Amino acid sequence: MCGILGRFNFRSKEPVSALGLENLLGEIHHRGPDDSGVVVDGPLGLGMTRLAIIGLSDGQQPMRTPDERYSIVFNGEIYNYQELRRELAAGGYRFRTGSDTEVILALKSLGIDSELKLRGMFAYALYDHKLERLELCRDRLGKKPLFWSETPGGIVFGSEIKTLLASGLVETDPDLNAISDFLTLSYIPGNQTAFKHISQVPPGHKLIVDDDVRVERYWQLPTIAEADKEQKSDQEWLEEIREKLLESVKYRLVSDVPVGVFLSGGIDSALVLSMVMQSSPTFPVKTYTVGFDSPSYDESETARSVADYYGVSNTVEKLTPSYVASHFDHVVHNADNLLANPAMFANHLLSSIAGKEIKVALNGGGGDELFFGYPTYQATALASLGRFAPSSLSRLPASISRFIPTSHQKLSASYKARKFLEGFTMPRDQA
């Protein structure tokens, strides 16, 4: 994790202060304690604080092309940078560093749309000093954050909202619609934030700033119709999924620092560990697990069994109510945009423990969404029978649900029965 920020006064042409940018970097020092730097060129200023993962000794940022036309600050990791590097070097480009950041600069300097070539998670700001043009780009699925706001003189941007607020240039009016969404959904959807005048660069988009500001899409998910054009058997799809998972994990093991795995008792993180061991059987991986005092929530023994099966070290730390209470303000402050997922405290504890030994951790986040792992997917399939129920019975399930006793266990049978009955006859999206 690194942090980037900047300011581009394309309207007022007011020079940016290097000292001002350095002060703002203090707001996100936690994102990258290894190094920091700024570059200013009249109305343009870029800043970066770095957590060194690749190119430890020569990956300092901001980075500039040899002809000094392009400058970049970059947060993330480009997994296929080695292939791109070989391809570009064969074409005559002379690299000066071993970092993945320079690959983006090389693509841009050769006139290649870099974002379409990159496999990875990234948010970067790239400035063309000749054309006085700034490009803010965010990865396909928006894994890396990138916030921005228009100011009277131009724009400011950063990896975290707190840098924009600290600039003193952004109006702080709350976005009541976004806050309403948060109170309903426990997060803010889309490109909104809790502040009316602060937005996110959308996933798969880039923000172009020269004499105006415009957002351009460079990628979107394939449609179901496009995917259906590939006529494959179930077995062929399974083979391809396995190959893609193995390839993806292998890419993520490319690092100049130690890598670990956050291991729960679920199939998703166990699958990630399995892919690590298959792709690199001798890889010195360590795993980290959060445990709970409540047996229905605790998966630490299952996680330990998985770690033992693969013969890897497993560190287990219990999350207690006192830990949540003592770290609440800190976790919420660093979450930045509004989020009410209790797992953020478990992730904080995991990161605190693992951070003493490693810099990079793989986890199974997103596995349930991709592979229908949540019980709600099963409920949706069963609830399809509700379409055939007589209208006179439509209120009966919800009425019955009131008599089911409450349980404090995780996903208890009584809880699932009650929630299922409440949503049984609802339209699919509401259910």
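In the set Asp228, Asp211, only one residue is at negative phi and open to solvent by 100 Å² or more (accessible area, probe 1.4 Å); that residue is Asp211. Anything in region 53-86 that is hydrophobic (A, V, I, L, M, F, W, C) and either within 18 Å of the chain's Cα centre (by Cα) or open to solvent by 20 Å² or more (accessible area, probe 1.4 Å) (or both)? List them, or say none. Result: Ile53, Leu56, Val73, Phe74, Ile78.
Evaluation of Lys108 against the conditions (1) in contact with a Ser or Thr (Cβ under 7 Å, 6 or more places away or on another chain); (2) of a type in the set (Lys, Arg); (3) surrounded by fewer than 18 Cβ atoms within 10 Å (Cβ to Cβ) shows that the sole unmet condition is (3).
Within region 8-27, the set of residues being open to solvent by 20 Å² or more (accessible area, probe 1.4 Å), in a loop (DSSP other than H, G, I, E, B) and either over 8 Å from Gly154 (Cβ atoms) or not basic (Lys, Arg) (or both) comprises Ser12, Lys13, Glu14, Pro15, Ser17. None of Glu115, Glu135 is open to solvent by less than 20 Å² (accessible area, probe 1.4 Å), under 20 Å from Ser71 (Cα atoms), among the acidic types (Asp, Glu) and not in a strand (DSSP E or B) except Glu115.
Can you work out which of the residues in region 258-289 that are part of a helix (DSSP H, G or I) and of a type in the set (S, T, N, Q) is farthest from the chain's Cα centre (by Cα)? Result: Gln278. All conditions but one from (1) at pLDDT below 95; (2) more than 24 Å from Glu77 (Cα to Cα); (3) open to solvent by 70 Å² or more (accessible area, probe 1.4 Å); (4) not small (Gly, Ala, Ser) apply to Glu150; the one that does not is (1). Listed conditions (1) modelled with pLDDT of 80 or more; (2) open to solvent by less than 50 Å² (accessible area, probe 1.4 Å); (3) part of a loop (DSSP other than H, G, I, E, B); (4) not polar (S, T, N, Q) are all met by Lys410, apart from (2). Can you name the residue in region 232-256 that is of a type in the set (S, T, N, Q) and at pLDDT 90 or above and, of all such residues, is nearest to Leu271 (Cα to Cα)? Filtering region 232-256 for residues that are of a type in the set (S, T, N, Q) and at pLDDT 90 or above, the one nearest to Leu271 (Cα to Cα) comes out as Ser248. Restricting attention to region 86-139, the residues that are aromatic (Phe, Trp, Tyr) and touching a Gly at 6+ places or on another chain (Cβ under 9 Å) add up to 3. On the stretch given as region 295-323, residues that are β-branched (Val, Ile, Thr) and open to solvent by less than 40 Å² (accessible area, probe 1.4 Å) total 2. Of all residues in region 39-52, those satisfying the criterion of being touching a helix residue (DSSP H, G or I) at 6+ places or on another chain (Cβ under 6 Å) and either more than 19 Å from Leu164 (Cα to Cα) or crowded, with 23+ Cβ neighbours inside 10 Å (or both) are Gly45, Gly47, Thr49.
Residues are listed down the side, and each one gets a yes or a no for (1) touching a Gly at 6+ places or on another chain (Cβ under 7 Å); (2) modelled with pLDDT of 80 or more; (3) loosely packed, with under 14 Cβ neighbours inside 10 Å:
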| residue | (1), (2), (3) |
| --- | --- |
| His330 | no, yes, yes |
| His333 | no, yes, yes |
| Leu339 | no, yes, no |
| Gly355 | no, yes, yes |
| Tyr374 | no, yes, yes |
| Ser384 | no, no, yes |
| Pro397 | no, no, no |
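Looking at Pro152, is it assigned to a loop (DSSP other than H, G, I, E, B), closer than 20 Å to Tyr124 by Cβ and either hydrophobic (A, V, I, L, M, F, W, C) or touching a residue at least 24 places away in the same chain (Cβ under 8 Å) (or both)? Spelling it out, it is not the case that Pro152 is assigned to a loop (DSSP other than H, G, I, E, B), closer than 20 Å to Tyr124 by Cβ and either hydrophobic (A, V, I, L, M, F, W, C) or touching a residue at least 24 places away in the same chain (Cβ under 8 Å) (or both).
The values are calculated or read from the model by the stated rules, or taken from the named source; none is laboratory data. Being a predicted model, the structure only gives us computed values, none of them experimental. Every residue, glycine among them, receives a Cβ derived from its backbone with ideal geometry; neighbour counts consider all protein chains shown. Heavy atoms of the whole protein, side chains included, go into the accessibility calculation; ligands, DNA and RNA do not. Shrake-Rupley method; radii C 1.70, N 1.55, O 1.52, S 1.80 Å.
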